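The values are calculated or read from the model by the stated rules, or taken from the named source; none is laboratory data. On a predicted model such as this, the values are computed, not experimentally measured, just so you know. Because the Cβ atoms are built from the backbone with ideal geometry, glycine has one as well, and the counts that use them run over all protein chains shown.
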Amino acid sequence: MAKAILKKGRATPVIRRHPWVFSGAIQRIEGDPEDGEVIEVYDAGGNWLARGYLNRRSQIAVRLLTWLEDEGIDGAFWRRRLERAVSARRALAEDPATTAYRLVHAESDYLPGLIVDRYGDWLVLQFLTLGVDQRRAEIVQLLADLVAPLAIYERSDVGVRKKEGLEPRAGLLWGDEPPDQIEILENGHRFLVNVREGHKTGFYLDQRENRARLTTLCNARGGRIDVLDLFAYTGAFGVYAAAAGASEITSVDTSGPALDLARANHALNGLGRAGGPHSATIIDGQPPAGSGSTDTEYVSGNAFALLRTFRAEKRHFDVIVLDPPKFASTRREVESGSRAYKDINLLAFQILRPGGLLFTFSCSGRVSADLFQKIVFGALADTDREAQIIGHLAQSADHPVALTFPEGRYLKGLICRVW
Ligand code: SAH
């Protein structure tokens with residue numbers, strides 16, 4: 001098998017099982033392997049270290065798959081890795097209140113470049129690297145055998161593939177075409193997901209546990225609760241808040257189609273009062289908590305501008321959710337991204353009622369949890385408010401972070417009580 005020989009002094013991360021070998025760490029490649037091929041990694045002294053797939057077109061030249069010399073990268077290897085990821089989600093699989101979650105979280109499930117999300121009977125995949133893209137047929141067949149879904153759909157229409165020399169790709173991989181909208185359950189709430197055109201693979205599954213925190217805190221409040229869900233996408237945080245008895249939900253997003261689904265999702269749960277009469281879901285003869293008692297408003301627009309408008313109008317809220325898109329994708333964007341995070345958090349602090357709650361997030365991997373907290377502090381310092389952190393949030397447990405791969409922690413959030 002072909003070999004990559006590392007430069008002197010560059011073996012430590014590999015020995016510590018970090019899954020990436022950067023091109024700059026490689027002294028030479030022997031044996032003329034094709035990109036995508038599995039190669040052996042040796043240190044400068046000729047000691048075998050690990051085995052992984054190569055892509056010279058990427059700055060991450062090798063993604064490591066095993067550190068055991070006798071573990072071959074064959075069909076049984078991929079099956080074992082997939083089985084382990086699936087078995088780690090058994091508790092979720094057995095929870096009737098949740099039918100959508102991440103089954104495979106790439107590097108942190110020891111399957112670099114592969115994302116597998118489950119939406120009920122449908123699987124949606126992303127092949128983010130050449131190494132897994134080339135093995136797509138084998139991976140799809142293994143998942144079909146292991147999970148027995150109705151269909152497997154691909155949503156590899158993402159920019160990061162360019163770094164691997166790959167074009168975006170999307171479409172049916174196995175089974176029957178999924179419907180335009182798949183209905184899922186998350187903690188007992190119903191959501192419609194468009195896996196063909198939705199963001200990521202269709203839904204922000206990584207926020208499931210954080211949405212549950214919103215439920216707990218709304219339940220604990222009592223009284224009138226006016227909620228501002230900024231960057232609402234298909235309204236998931238708002239559905240949880242409404243079910244927990246919120247009086248009014250204002251959902252803001254720039255995407256019209258996302259807000260249409262948000263409206264549909266609120267109605268599906270029998271929660272919204274806007275948009276005319278609707279039939280609330282009756283369970284055991286009782287309307288669900290909060291049924292039909294929440295006023296809903298959907299605002300298609302820029303969250304930055306709207307926050308300024310609300311401030312000027314002296315419009316106040318009891319709970320604000322700030323879940324913006326990635327503001328810093330590269331190291332160079334960290335500074336401008338930090339300013340954007342500071343801006344929205346500052347405005348949110350200013351329009352919260354005393355005792356109000358701010359759920360604030362960053363999904364930029366480049367912005368560490370520590371930096372994010374400093375940015376939120378910087379925002380507070382420019383107001384005359386006080387705030388206490390009452391919760392540190394992260395991506396849900398089906399999006400694990402391998403201890404050997406701290407880069408896997410991308411979503412971080414804070415719950416602040418604001419005075
Ligand atoms: N909170 C959502 C996920 C948010 S993803 C959930 O739980 O499902 C980020 C969202 O921000 C996307 O829906 C995107 O359309 C929206 N967005 C991006 N820039 C925006 C802006 N400037 N103002 C308002 N929404 C924006």
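Looking at the range 191-199, can you tell me whether even one residue there is within 13 Å of the ligand (Cβ to nearest atom), among the charged types (D, E, K, R) and within 17 Å of the chain's Cα centre (by Cα)? Walk me through how you get there before you give the answer.
We begin by selecting, within the range 191-199, every residue within 13 Å of the ligand (Cβ to nearest atom); these are 191-194, 197-199.
Checking the rest, the ones that are also among the charged types (D, E, K, R) come to 197.
From the residues that got through so far, the ones that are within 17 Å of the chain's Cα centre (by Cα) too are 197.
So far as the range 191-199 goes, yes, one or more of its residues are within 13 Å of the ligand (Cβ to nearest atom), among the charged types (D, E, K, R) and within 17 Å of the chain's Cα centre (by Cα).
Only a single criterion out of (1) crowded, with 20+ Cβ neighbours inside 10 Å; (2) not assigned by TED's automatic domain parsing to the domain that holds ALA264 is not satisfied by PRO168, namely (1). Of the listed requirements (1) loosely packed, with under 13 Cβ neighbours inside 10 Å; (2) under 22 Å from VAL132 (Cβ atoms), PHE77 misses just one: (1). Summed over the range 370-384, the residues that are of a type in the set (Ser, Thr, Tyr) and farther than 9 Å from GLN350 by Cβ give a count of 0. Of the strands (runs of 3 or more DSSP E) entirely within the range 2-68, those holding at least 1 residues that are within 28 Å of the chain's Cα centre (by Cα) occupy 20-22, 48-54, 60-66.
Look at the range 375-393: where a residue is exposed (fewer than 15 other Cβ atoms within 10 Å of the Cβ) and a partner is in a helix (DSSP H, G or I), sitting 6+ places away or on another chain with Cβ atoms under 6 Å, you get ASP382/LEU346. If you filter the range 339-374 down to residues that are within 18 Å of LEU307 (Cα to Cα) and β-branched (Val, Ile, Thr), you find that the one that is surrounded by the most Cβ atoms within 10 Å (Cβ to Cβ) is THR360.
Before we move on, is LEU217 at negative phi and in contact with a helix residue (DSSP H, G or I) (Cβ under 6 Å, 6 or more places away or on another chain)? Show your work before the answer.
Working: at negative phi: yes; in contact with a helix residue (DSSP H, G or I) (Cβ under 6 Å, 6 or more places away or on another chain): no.
No, not satisfied.
Within the range 268-314, the set of residues being hydrophobic (A, V, I, L, M, F, W, C) and at pLDDT 60 or above comprises LEU268, LEU271, VAL299, ALA303, PHE304, ALA305, LEU306, LEU307, PHE310, ALA312. Looking only at residues in the range 215-250 that are more than 9 Å from the ligand (Cβ to nearest atom) and among the polar types (S, T, N, Q), the one that is nearest to PRO325 (Cα to Cα) is THR250. Restricted to the range 320-345, and to residues there that are among the hydrophobic types (A, V, I, L, M, F, W, C) and closer than 20 Å to THR254 by Cα, the residue that is nearest to the ligand (Cβ to nearest atom) is VAL321.
Every residue, every condition in (1) in contact (Cβ under 8 Å) with a residue 60 or more places away in the chain; (2) closer than 27 Å to ASP145 by Cβ; (3) not assigned by TED's automatic domain parsing to the domain that holds LEU128, yes or no:
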position	(1), (2), (3)
TYR42	no, no, yes
GLY52	yes, yes, yes
THR98	yes, yes, no
HIS105	yes, yes, no
LEU111	no, yes, no
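State whether the residues of the range 202-211 include one that is among the basic types (Lys, Arg), modelled with pLDDT under 95 and over 16 Å from ASP295 (Cα atoms). There is no residue in the range 202-211 that is among the basic types (Lys, Arg), modelled with pLDDT under 95 and over 16 Å from ASP295 (Cα atoms). The single condition from (1) part of a loop (DSSP other than H, G, I, E, B); (2) within 24 Å of ARG315 (Cβ to Cβ) that THR360 fails is (1).
Any idea how many residues of the range 151-165 are surrounded by fewer than 16 Cβ atoms within 10 Å (Cβ to Cβ) and free of Cβ contacts under 8 Å to residues at least 60 places away in the same chain? Total meeting the criteria: 4.
Those residues that are within 16 Å of the ligand (Cβ to nearest atom) and over 24 Å from ASN210 (Cα atoms), I need them from the range 307-319; list them, please. Talk me through it step by step, then tell me what you get.
So in the range 307-319, the residues within 16 Å of the ligand (Cβ to nearest atom) come out as 307-311, 317, 319.
Selection gives ARG308, THR309, PHE310, ARG311.
Within the range 346-370, being farther than 17 Å from VAL227 by Cβ and within 14 Å of the ligand (Cβ to nearest atom) holds for SER362, CYS363, SER364.
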